């Protein structure tokens, strides 16, 4: 660039330095898009909080690779709102739309209803094929440990979870050891999303937490992270707790890592009056993989009239070898349930686990080619998590489906699968 051009580029900044900058000046500069990033970075150092705040908003809204370094810089600002907006802007680059909600609504959750160690919790999280720059996770981890407010730390913890930021685990574990229930909760949910088993023992002390949402999140983490050392504690919680949600979570976690010692618990709760406990017991039977349990499970399947435990029983029957596809078969029931707005998440989680068996996965290629829109989309997601090389061709075909939504999901699943293979 010629010296004259450089002077012309810097001339507006010289004027602004001679007089106080305004948020309007930031908005005007941002009209230049990514090419205006050098100007916007200057505003991040402005003495005015309002100017810096507007600069972060505009940089995040531009949302290109060029936005990342300035947003990382903005996470070091001392203002809590600027820190939060910068953190959300970083996540938004990898997970479009995140900046619109950030932490809002996150703390209303009580349980993610986790059903399988093979599928993510029912929360926002980036696709497996998305690669996040290490400096981004480092910046967010720094906020988890030291943002200006506890709410800012909780917001950063949630952001780390969305990005599957395993490198920030030390900060998340530190968050679990804090005294603020929102930060503890968001840190636990983020740790769940990383699926880093080594963190299980470090957060097990929260299993008896007095805050309900924290206790349930800790219980779910024990199951997802396969912390088998926690099973005796989970069994004691199951027996002693008076809260139905806690008891359901405890038995579901035990069912994710069954042992011979747990068999009596599954037998005890398979016919319980609570449908959630019946379902969790069925899941435990499934993962024990004992064909001798088929008669008792078939009887329970035939007598069950609630959808959720029926989904769990179908999972158990298929796991133990009842794999035929017919109008009233358990496997077909799971596929049909993908059409249900209320229960498709449960069906998806179980199908993702079942599809890790080659013979079951092969049976899904027929329905994925000729099923309903919801079935095609659901099964595409299943193969994204649990497919293998034999799944590439069916997903390639699905990516050319006549329905645009189905084709888009097929392409996304194909990218996720290829990133994993």
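General observations
- Counting every C-alpha pair in segment 55-105, the share spaced more than 15 angstrom apart comes to 33%.
- The alpha-carbon atoms of segment 32-80, seen along their principal axes, cover 25, 17, 14 angstrom, with the largest extent given first.
- Averaging over all projection directions, the Cα-based convex hull of segment 184-229 occupies 2.6 nm² in the image plane.
- The long axis of helix 3-18 is offset from the longest Cα principal axis of the chain by roughly 90 degrees.
- Evaluated at q = 0.12, 0.20, 0.21, 0.25 Å⁻¹, a Debye calculation over the C-alpha positions of segment 304-389 (equal weights, vacuum) places log10 I(q)/I(0) at -0.28, -0.83, -0.93, -1.37.
- Semi-axis lengths, Å, segment 157-211, gyration tensor of Cα atoms, sqrt of 5 times eigenvalues: 17, 12, 9
- Under the criterion of Cα pairs below 8 Å and six or more residues apart, the relative contact order for the chain equals 9 percent.
- Taking the C-alpha atoms of segment 150-267, convex hull volume expressed per residue in Å³: 86
- Sequence-separation-based contact order of segment 336-395, relative, with Cα cut under 8 Å and 6+ spacing, percent: 37
- Helix 150-162 axis, angle to the chain major axis (alpha carbon atoms, nearest 10°): 60
- Per-q log10 I(q)/I(0), the chain, q = 0.07 Å⁻¹ (Debye; single scatterer per alpha-carbon; no solvent): -0.41
- Helix axis angle, 212-224 relative to the chain longest principal axis, alpha carbon, degrees: 70
- Cα-Cα separations in segment 246-371 greater than 25 Å, expressed as whole percent: 17
- Contour excess over end-to-end distance, with Cα ends at residue 356 and residue 69 and 0.36 nm allotted per residue: 99.4 nm
- Where only DSSP H runs of four or more residues are counted, the chain gives -19500 deg cm²/dmol as its mean residue ellipticity at 222 nm, each run worth -39500 (n - 2.57).
- Stokes-Einstein D for segment 354-421, Kirkwood Rh over Cα pairs, 20 °C, 1.002 mPa s (µm²/s): 190
- Fraction of the pair-distance distribution of segment 124-176 above 17 Å, Cα-Cα pairs, percent: 27
- For segment 262-302: span of alpha carbons on each principal axis (Å, largest first): 25, 24, 13
- Principal axis box of segment 213-274, alpha-carbon based, largest edge first, Å: 27, 25, 15
Quick note: the coordinates plus some simple rules give every number you see, no bench work behind them. Computed from a prediction, not measured in an experiment: that's the story for all the values here.
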